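Remarks on the structure that follows.
The values are calculated or read from the model by the stated rules, or taken from the named source; none is laboratory data. The structure displayed is predicted, hence computed values, not measured ones. We place every Cβ from the backbone using ideal geometry, glycine too, and count neighbours over all the protein chains shown.
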Amino acid sequence: MSGILASMIDGLLIGSVYGLAAMGLSLIWGVMDVINLTHGAVIALGMFGMYILFAAFPVNAYLLLLPVIAAGLLLGLLIYWIAVHWVIGRSQLSSLLSTFAVNMMIIGIGTAIWSTSPYNVNFTLRGITVGAYTFDGNHLAAAGAAVIIGLALELFLYRTRPGKAIRAVADNREAAELMGISSTMVLALAFAIGIALAASSGALVSTLFPFTILSGAGYQMKSFVVTVLAGLGKPLGALVAGVLLGLLEGAVTPFIAVSWIPLIEFGLFVVVLVAFPKGIFARATA
Amino acid sequence: MKRLVLAVFVLVALFVTTGFAQTLTVGFTVSNTGSMNVDSVEQLHGFELWRDQVNAAGGIKAGGKNYKIQFVSYDDESNSKRVQQLYSRLILQDKADFLFSPYSSPLTATAAIVTEQYEKVMLTTGAAEGKTYTLGNHYLFQMFTPGAEYLKGVLDMLKTKDPKAAVAFVYEDSSFSVSVVNPAKAYAQQLGFNVAFSEAYAPNTTDFSAIIDKVIASKSTVLLGGGHYADGSTLARQVYSHKVPLKMVTLLVAPDSPKWGELGDAAVGVIVPSQWEPQTAFKAQYGPSGADFAKAYAGKYNTPPSYESAGGYACGLVLQRAIEQAGGPDTAKVAAALNATDITTFYGRTKFSTAANEHGLQVGHAMVLAQWQKDKSGALVKQVVWPLAAKSANLVYPIH
Amino acid sequence: MILRRPVFWLILVFAALMAFVPLHANNVSMREDLILVAIAIILASNLNLMIGYTGYVNFGHIVFYGLGGYVGLYLATVRSWNLVLAALTAGLVVSLFALALGMGILRLRGAYFALATIGVLQAVQSFVANFDPWGRSTGMYVAFDAYERLGGARHALWTTYFLVIGVMALSMILSLGIKISKFGLGLFAIREDEDAALVLGVNTTVFKAIIYSVSAFLPAVAGALMFYKNGMIDPSIAFEFMLSLEGIVMLMLGGKGTVVGAALGGGLYEKLRSYLLTSPKFSNFQLVIAGGLLLLVVLFAPGGLIGWLYRLVPRARKVIE
């Protein structure tokens, strides 16, 4: 019994990081109807960003999240102007492909610089031991940081002018423009925030697990699952759904081989998608 | 006039007998990118050191001629999809005389289909899985001890230390690890161990917490398994940070890499079944001694050799000897010389099976066990702990 | 009539050249390059049926190729079936699977459908990686003597090559046939405006499910042949997400919705990739170059190479379909 509990706590902790990653995807998708396929590559860049910063400034790794977020915002603006701005309003295929093209370029450059060998951020916080089980200090800290960032985003969207503008554009772009909101600026800002969220989740993951430039792909897949479970354009919903997904993983693993988890997860994903195309929380929050 | 004729005659005679240095092309693919990158590049360094030393000595001398070695290689991206395209290219376009294998069992098995078709000799290293050799090949020769042998030594050693140990197998679901663990599980039961837990994980796993929780719940005292570098190093870290009460951890492949020391405290006590360690002092009948190889390698690459590197170098050495014995690079003669090979080099004994149902399988080479230990100054070093005859330090058991 | 279409004859000539040139030169290296080109064309052409004709983006198209490989290899080696029979059966089984699956996920539109196809790919890969009869994640190997039944490995690989070229020709002819049929018109109507098509009496559900299933058949046959030739299969090479995405890149490069464009894009992209991979100068930057190229096409030439040709020579539209 204690084994299941421990497993669920482990799942809950990692789930909040899945949630943070998915928030970025969900925000961009909801606001501008773009499925951002640079997501995984940006998560990987977040990992390497943390790696580089930590090598230069070996302080508490979680303090370094701030510069990663700042760099993520700039990167987001850059990607927006290179690949996204020109395809807004065109078919969904265009933005899928243009972001995928950027994804290939990032992975290509990353491979040339770092090869595909695994890297580590050697920073360890002390864990908490309960009975035979020890909960890793980094996992606790990363989960905490993910929740804080998630709540900060929610505050930003509901309590600040630019945040409200983002929500207005997401609801109805034409009406927002009539109200004098420059939709281009708002879209660029939303995209940048989405990228910064992805980068920050990558930075958190880098303190937990070793990573390569290709590691982002797996988290991108998880982000899709989480986003669909939560419904589009609901960043806080994504955070909650991420935590739930982690809990589910934790609750199931004691009973079956871990290699079956992807089948359950993606099977569930397809079924939910077909049964509730607007997300499980659609009714609750709409 | 006479003198001049004589001089020319002598010169020509010299030329004919010593020969111009001809060039032999050896082809292979390397995983410059992808999941096998670390191990594959170590193997490549072994190949390269051999080539450089042979060429510096004037080439391979066989049948009165000198053959310099040149390499042609491509990136296989750790993916078997392009391996056949690239090996065909190596054979047909680049006119490779001999081939070395890619790193890892699946890539090697895929490449073997092509090399066998063209009846080209391929020495395989970094590929321990044995199934490939039962498929009816004639020109494939394995340098590594096959997978079924990897964990036998550990279980024998454990039997002497702690026959009541509860064993957990946690291993990568890849052809190599499965070919290691399945026979090991049977052997453990045969030795009377309690196999308390056994589970395979997907090759790209980074989060082991679920499996670790299950290992704790199973009350296992010994963990055997792993796969390659990326997953093995991660597993060791997380076992350490979750403070799993284990008396012994043995992982495949990963702990042999010199990079393992970077794990710090998580590295301590971990055991690896190894094809070769610098401390194993085999009396080399051919080629350099182990110490000379390790020194030359460290001089060139600023890191001690792993067994992948040693396997790569030994691969070249065995080919070199076979060419010398065959009196030239003729494929059929070299294959015959390889069939007859039974030699001890710095890497240990090498002998290939000539039985029809397992032709080319390595049957001469034996493995050792190495454990990461702290020396007196507190630095992490890899010590040979088994077999007892070859040990450089005593086994630390239990670890904590 | 399909026989009146110049493109039909063009396809036959192209396929004959693909088959004949490496055979005549007895150049196996060329054959190994061309077989990957042919596979790329097969994947891109069949993907075109979904993306180009029907307007549904399938991100998980490779699942058909991989499943076909598994079913085919299982029948041809474990059950010792004749290769052609095994490959055709694989195609049939996978098509039926696609039909059943399509009934479910084709209720989704746009990006939701695209995401569901990713989910299907991942779920199938995970299932196969846990499926004992197919060797779990270590996959299945072809014993070297399995090629003996086709007259030894050397002979068997040529036979496989010709079969793959045949599948490639069929893929292109299928694309053309559908394009000029009434069924094809129905698909185009769905692509332009699904609701309007419904009102006009197109049974969209049936049309979509059929085309999804049809687009699965030839890739599955090709997968069976290719993995047999390869000598082994495992889940990571059978269900490579990257290859699925590359199929879309090929299609965009050539020009989606056109028969020749899909083939052109497939062929060119594969040629480019293998050039970059084996070139010492560019091998580090192959992804950057391929990505940059794709970005340029998407931003500035959304019609791909064929679209650009149409703009340049409007009359080409009549000949190059």
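May I ask you to list the residues in the stretch A:157-191 that are surrounded by fewer than 17 Cβ atoms within 10 Å (Cβ to Cβ), of a type outside the set (Val, Ile, Thr), free of Cβ contacts under 8 Å to residues at least 24 places away in the same chain and closer than 21 Å to A:LEU74 by Cβ?
A:SER182, A:MET185
Tell me which helices (runs of 4 or more DSSP H) are completely within the stretch B:224-339 and hold 2 or more residues being of a type in the set (D, E, K, R) and assigned by TED's automatic domain parsing to the domain that holds B:ASN194, or say none if there are none.
In the stretch B:224-339, B:229-241 are the helices (runs of 4 or more DSSP H) which contain 2 or more residues that are of a type in the set (D, E, K, R) and assigned by TED's automatic domain parsing to the domain that holds B:ASN194.
Out of (1) away from chain A (no Cβ under 14 Å); (2) touching a Gly at 6+ places or on another chain (Cβ under 7 Å), what's the single condition that is false for C:GLY304?
Here C:GLY304 meets the rest and fails (1).
Do we find that C:GLY231 is more than 13 Å from the chain's Cα centre (by Cα), within 14 Å of chain A (Cβ to nearest Cβ), of a type outside the set (S, T, N, Q) and crowded, with 23+ Cβ neighbours inside 10 Å in this structure?
no
Within the stretch C:312-321, can you find the residues that are part of a loop (DSSP other than H, G, I, E, B) and either closer than 19 Å to C:GLY52 by Cβ or at the interface with chain A (Cβ under 8 Å from one of its Cβ atoms) (or both)?
Selection gives C:ILE320, C:GLU321.
I'm trying to understand the selection: among the residues of the stretch B:342-380, which are of a type in the set (Val, Ile, Thr) and either part of a helix (DSSP H, G or I) or in contact (Cβ under 8 Å) with a residue 60 or more places away in the chain (or both)?
B:THR344, B:THR345, B:THR350, B:VAL368 - these are the residues of the stretch B:342-380 that are of a type in the set (Val, Ile, Thr) and either part of a helix (DSSP H, G or I) or in contact (Cβ under 8 Å) with a residue 60 or more places away in the chain (or both).
Do you know which residues across the stretch A:83-117 are away from chain C (no Cβ under 11 Å) and either surrounded by fewer than 22 Cβ atoms within 10 Å (Cβ to Cβ) or touching a Cys at 6+ places or on another chain (Cβ under 7 Å) (or both)?
Of everything in the stretch A:83-117, those that are away from chain C (no Cβ under 11 Å) and either surrounded by fewer than 22 Cβ atoms within 10 Å (Cβ to Cβ) or touching a Cys at 6+ places or on another chain (Cβ under 7 Å) (or both) turn out to be A:ILE88, A:GLY89, A:TRP114, A:SER117.
Consider C:ALA123 against the criteria (1) small (Gly, Ala, Ser); (2) in contact (Cβ under 8 Å) with a residue 60 or more places away in the chain; (3) within 12 Å of chain A (Cβ to nearest Cβ): it satisfies all of them except one. Which criterion is unmet?
(2)
Criterion first (in contact with a strand residue (DSSP E or B) (Cβ under 8 Å, 6 or more places away or on another chain), among the basic types (Lys, Arg) and in contact (Cβ under 8 Å) with a residue 24 or more places away in the chain) does B:LYS214 satisfy it?
Considered against the rule, which asks whether it is in contact with a strand residue (DSSP E or B) (Cβ under 8 Å, 6 or more places away or on another chain), among the basic types (Lys, Arg) and in contact (Cβ under 8 Å) with a residue 24 or more places away in the chain, B:LYS214 comes out as no.
Would you check which residues across the stretch A:135-168 are in contact with a Ser or Thr (Cβ under 9 Å, 6 or more places away or on another chain) and among the small types (Gly, Ala, Ser) and list them?
A:GLY137, A:ALA141, A:ALA142, A:ALA143, A:GLY144, A:ALA145, A:ALA146, A:GLY150, A:ALA165
Taking the criterion of being at the interface with another protein chain (Cβ under 7 Å from one of its Cβ atoms) and surrounded by fewer than 22 Cβ atoms within 10 Å (Cβ to Cβ), would at least one residue in the stretch C:154-175 satisfy it?
Among the residues of the stretch C:154-175, at least one is at the interface with another protein chain (Cβ under 7 Å from one of its Cβ atoms) and surrounded by fewer than 22 Cβ atoms within 10 Å (Cβ to Cβ), which makes the answer yes.
Restricting to the stretch B:1-42, count the residues that are assigned to a helix (DSSP H, G or I), more than 14 Å from chain A (Cβ to nearest Cβ) and at pLDDT 90 or above.
0
Look through the stretch C:11-32, keep the residues that are among the aliphatic types (A, V, I, L, M) and within 14 Å of another protein chain (Cβ to nearest Cβ), and return whichever of them is farthest from C:ALA262 (Cα to Cα).
Out of the qualifying residues, it is C:ALA25.
Mind telling me which of the residues A:LEU247, A:LEU268, A:LEU239 ends up being hydrophobic (A, V, I, L, M, F, W, C), assigned to a helix (DSSP H, G or I) and more than 18 Å from the chain's Cα centre (by Cα)?
A:LEU268
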